[in-house]
Amino acid sequence: MQAKFIINLGEKAQVPIVAFSATSPSLTSLQIPYFFQAAQNSSSQVKAISAIVQAYGWREVVPIYTNNEYGQGMIPFLIDALQEVDARVPYRSVIPPLASNDQIGEELYKLMTMQTRVFIMHLPIDLGSRLFTKAKEIGMMSEGYVWIMTSGMTNSIRSIESSVRDSMQGVLGLKTYVPKTIELENFTLRWKTKFYQDNPNILDVELNVKGLWAYDAASALARAVEKAGTTNFGFEYTTGSSNLTDLATMGVSLNGPKLRQALLDTRFTGLAGEFSLPNGQLQSSTFQIINVNGNGERGVAFWTPKYGLMRELNSTNTSMYSISRRNLGPIIWPGDSSSIPKGWEIPTNGKKLRVGVPVKDGFFQFVKVEHDASTNTTKVTGYSIDIFKAVMEALPYNVDYELIPFAKPNGESAGTYNDLVYQVYLGNFDALAADTAIVANRTNYIDFTLPYTESGVTMVVPIKDNERKNAWVFLKPLTWDLWIASGVFFVFIGFVVWVLEHRINEEFRGPPSHEIGTILWYSFSTMVFAQKETLFSNLARFVVIVWVFVVLILTQSYTASLTSLLTVQQLQPTITDVNQLIKNGEYVGYQEGSYVLELLEEMNFDPTKLRTYKSTEECDELLSKGSANGGIAAAFDDVPFMKVLLSQYCSKYTMIQSIYKNDGLGFVFPKGSPFVSDVSWAILNVTEGEKMKEIEKAWFGDQSNCSSSNTQVSSGSLSLESFWGLFLIAGIASLSALIISFSMFLYKERRQIWINFDSKNSIWRRICHALRIFDNKDLSSHTFRNKPLKDSGDIDNVQGIGTCNASTNTCCLTSPISCSVHTKPKFTSLEDSGTPSREYFIPKPHEQTFLSIEDNEQTGHPNPFQGVQDPKK
């Protein structure tokens, strides 16, 4: 206050005012150009204090200061710095400058009743000394407390009496760091010598940093005077009054502006370090963090504006700002403890923690409040209550609490869950032990612990048996594409087998209708492995082996799927899409008092289509009625509540989907409460252990059977995607067999197809000729090789025998062979080729056909007509 008065005089007279002991930031805020603060501004240490608080994770801090310019000037800067590191200031302790010991004790007792145990003391040295003495007396310098002194008291700690220092054991303090130099040592020696000469009765005195600032300020002023000159130190007066006490007649210095500029330009290394006054303010310097221990103090760390906390000032390991606790040395805390205080304790005012619980009309598995009128006692039980009790027991310290129902005098609920949460914000409850959903808008007023249940809002709808058991149920196991593919392949495999067996197997020959029937019969008979036809071709046998493997897998899969359709209950939800409910205008339900109402309104549900339920029984009744009969089509609620419903009615309802994501259910504490982190840690320990399983089983029973019975059985039809690999294998095997068989046929009958046929004929005629040859029996096959020729039917192209000429060994065949290709008979002799003499031709209809068959001894083929004497025979 004195400094502010003098500063105003300096502004009027334009005379520089240099202050080496006034450290309040409020003086700098005056922005008077002729004021120079040659002492370190007390606001420069707030970042160092917040770094210590952040390093140890303290969440709440109480500042203790005096209500004058010295005390109040720094507090706004301190509050801002603490908020930046998420530390709250729940209370501000103000000590009057002339407070008595009783007043100090009364304020300290008030602090003892609070949770916070971290105190930042910003008091003058005389007032601070009395406060520490009183704190020691009432037990506030014991284990668990944290005291941090600002530099105003720490810089003069060596001048404090030893009895007071005994009361300050374990206190932390911020001290302006003064580098040790030869100049400082020489000056200190000269100063002590002079001081002892003037004060021989005062021993063991130390020069603190304020004395160094004073010396540096005087040196700076001397330098500025030398630079500005010693001439023209007069004043210019505006009035002729000679009254020296009249401030209104104060003159203006003629040399003041020049001297001010010289001070701004002064820079040198002083006793306290680098000295410069840009903008009239001594620049911030390094602070040393000390720990009061024994008769002195011990340095534990340094703090700089650039690097933050540092164990060693000249360390090269730091390249960025640090708030790591590892950069702080070992500290002896109050109570001679080496354990880091957690920063808060349960209040010692005898009050228990007031824990609010909701009064519910249903879902008593979570919270149930029962009042015994005979004993006038209230009993609170439930899943949430048991978890809360287990969590409190898991804390490393004892917590006394009482469960208080949120109810009216008549025992009814006093409001919704939002109302209950708001009571914590108002301070009527210290916590909530309830099934409270963690929702974002509620965190604006309170803090949630970690969740202790699953998260999300889900929809529950009735389930119905899928009515597939009808006359055509046997078609359901396979999809239409698989049915079609199977039918096509049955016919295709039958055709392939017929092609491979037709020339060598009598059972695959005959009229067209007979052969088509054989193809279909043989192929489809493989389903039951009832085929009776004997296969002679190895290629056909290979194809059938592959196909039988495919049919085996296909029939077994069909049997399993059909069995499932006929025997297992096909449970399907009645509704699967929320948008369908909105589109159809269905009625839906939600738990009374729940925040789900706001959620449904945001999803554009018609408010007139919303119905409430209070219990699982009421919800079951609404769902059973249905939307058209005064009930609901679906129920919306948090997952834990819906699981309770399903545990009781698992055969009737099913959970469809999560329509809203939240963090589950948690416990509630006031904003910034130190309980949050500890309780969250305890929740993790409880939920990960066996205790959680025991609580769930006690309140919800064994839900495994219900979960299995409520499983939505969906034995869908088998599709082609599951079997296309098998069909691919069968197709490749069949095509390969056809290609091999066709190649062998072309090679064996190459002369008859290509050489002995007129090249002038068209491709179609050649194909027709080849097909007619293919339609013949392969007499060279082992199935016909040793078989005697019994009748003329053994030669396919001979249908009748006319006259034979015994002399030429030829026969006249009078029955025609029909063909779509009409041409004149053309005979080709094969006698020169060294093969049996046969005459092949394409006859016209109604023309005689002659076949010359000779017994060629060279080829070894016998003449079947050898020995026949009668041409008619």
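The values are calculated or read from the model by the stated rules, or taken from the named source; none is laboratory data. All values derive from a computational prediction rather than experimental measurement. A quick note on method: Cβ atoms are made from the backbone with ideal geometry, for glycine too, and the neighbour counts reach across all protein chains shown. Please note that ligands, DNA and RNA were not included when accessible areas were found on the heavy atoms of the full protein model with its side chains. Shrake-Rupley method; radii C 1.70, N 1.55, O 1.52, S 1.80 Å.
Descriptive notes on the structure:
- Residue satisfying all of: in region 590-635; among the small types (Gly, Ala, Ser), buried (at least 18 other Cβ atoms within 10 Å of the Cβ) and over 32 Å from the mean Cα position of the chain (by Cα); farthest from ALA437 (Cα to Cα) among these: SER627
- Single unsatisfied condition, ARG541 versus (1) open to solvent by 70 Å² or more (accessible area, probe 1.4 Å); (2) of a type in the set (D, E, K, R); (3) at pLDDT below 85; (4) more than 30 Å from PHE490 (Cα to Cα): (4)
- Qualifying positions in region 643-698 - assigned to a loop (DSSP other than H, G, I, E, B), of a type in the set (Lys, Arg) and closer than 26 Å to THR458 by Cα: LYS652, LYS661
- If the condition is being closer than 20 Å to ASP166 by Cα, open to solvent by less than 10 Å² (accessible area, probe 1.4 Å) and not in a loop (DSSP other than H, G, I, E, B), then region 87-124 contributes ILE104, GLY105, LEU108, VAL118, PHE119, ILE120, MET121, HIS122.
- Among the conditions (1) open to solvent by less than 20 Å² (accessible area, probe 1.4 Å); (2) modelled with pLDDT of 90 or more, VAL550 misses just one, which is (2).
- Among the conditions (1) open to solvent by less than 50 Å² (accessible area, probe 1.4 Å); (2) modelled with pLDDT of 85 or more; (3) of a type in the set (Phe, Trp, Tyr), the only one that TYR522 does not satisfy is (2).
Residue-by-condition table, conditions (1) aliphatic (A, V, I, L, M); (2) farther than 30 Å from GLY589 by Cα:
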| site | (1), (2) |
| --- | --- |
| THR381 | no, no |
| LYS389 | no, yes |
| MET392 | yes, yes |
| PHE429 | no, yes |
| TYR445 | no, no |
| SER455 | no, no |
| THR458 | no, no |
| PRO462 | no, no |
| ILE484 | yes, yes |
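- Subset of region 709-721 (residues that are at pLDDT 75 or above and exposed (fewer than 13 other Cβ atoms within 10 Å of the Cβ)): GLU721
Residues are listed down the side, and each one gets a yes or a no for (1) open to solvent by less than 20 Å² (accessible area, probe 1.4 Å); (2) under 30 Å from VAL15 (Cα atoms); (3) touching a His at 6+ places or on another chain (Cβ under 6 Å):
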| residue | (1), (2), (3) |
| --- | --- |
| ILE148 | yes, no, no |
| ILE157 | yes, no, no |
| VAL164 | yes, no, no |
| THR193 | no, no, no |
| GLU206 | no, no, no |
| GLU226 | no, yes, no |
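- When the helices (runs of 4 or more DSSP H) confined to region 125-188 are screened for residues that are more than 20 Å from GLN288 (Cα to Cα), those reaching at least 2 such residues are found at 125-138, 162-166.
- Residue check for THR453: at pLDDT below 90, crowded, with 17+ Cβ neighbours inside 10 Å and in contact with a Leu (Cβ under 6 Å, 6 or more places away or on another chain): yes
- Selection of region 645-668 for residues being closer than 30 Å to PHE429 by Cα, surrounded by fewer than 22 Cβ atoms within 10 Å (Cβ to Cβ) and of a type outside the set (Asp, Glu) yields TYR660, LYS661, ASN662, GLY664.
- Residue check, LYS691 charged (D, E, K, R) and modelled with pLDDT of 85 or more: yes
- Per-region count, region 467-481, residues open to solvent by less than 50 Å² (accessible area, probe 1.4 Å) and either in a loop (DSSP other than H, G, I, E, B) or modelled with pLDDT of 85 or more (or both): 3
- When residues in region 322-352 are screened for being touching a Gly at 6+ places or on another chain (Cβ under 6 Å) and modelled with pLDDT under 85, 1 of them pass.
- So LYS464, is it at pLDDT 90 or above and either assigned to a strand (DSSP E or B) or among the hydrophobic types (A, V, I, L, M, F, W, C) (or both): no
- Residue within region 434-443 that is in a loop (DSSP other than H, G, I, E, B) and in contact with a helix residue (DSSP H, G or I) (Cβ under 6 Å, 6 or more places away or on another chain) present: no
- Within region 279-300, tally of residues that are in contact with a helix residue (DSSP H, G or I) (Cβ under 7 Å, 6 or more places away or on another chain) and over 17 Å from ILE157 (Cβ atoms): 2
- Within region 424-450, being open to solvent by 40 Å² or more (accessible area, probe 1.4 Å) and among the polar types (S, T, N, Q) holds for ASN428, ASN441, THR443, ASN444.
- Taking helices (runs of 4 or more DSSP H) as the structural unit, those lying wholly within region 543-634 and holding at least 1 residues that are in contact (Cβ under 8 Å) with a residue 12 or more places away in the chain and more than 23 Å from GLY362 (Cα to Cα) correspond to 578-584.
- Scanning region 405-430 for residues that are more than 19 Å from LEU665 (Cα to Cα) and not basic (Lys, Arg) gives ALA407, PRO409, ASN410, GLY411, GLU412, SER413, ALA414, LEU426, GLY427, ASN428.
- Check on ILE404, in contact with a Gly (Cβ under 6 Å, 6 or more places away or on another chain) and either touching a residue at least 40 places away in the same chain (Cβ under 8 Å) or open to solvent by 30 Å² or more (accessible area, probe 1.4 Å) (or both): yes
- Subset tally (residues that are open to solvent by 50 Å² or more (accessible area, probe 1.4 Å) and assigned to a loop (DSSP other than H, G, I, E, B)) for region 1-55: 8
- Filter result for GLU501 (open to solvent by 40 Å² or more (accessible area, probe 1.4 Å), under 30 Å from ILE545 (Cβ atoms) and not aliphatic (A, V, I, L, M)): no
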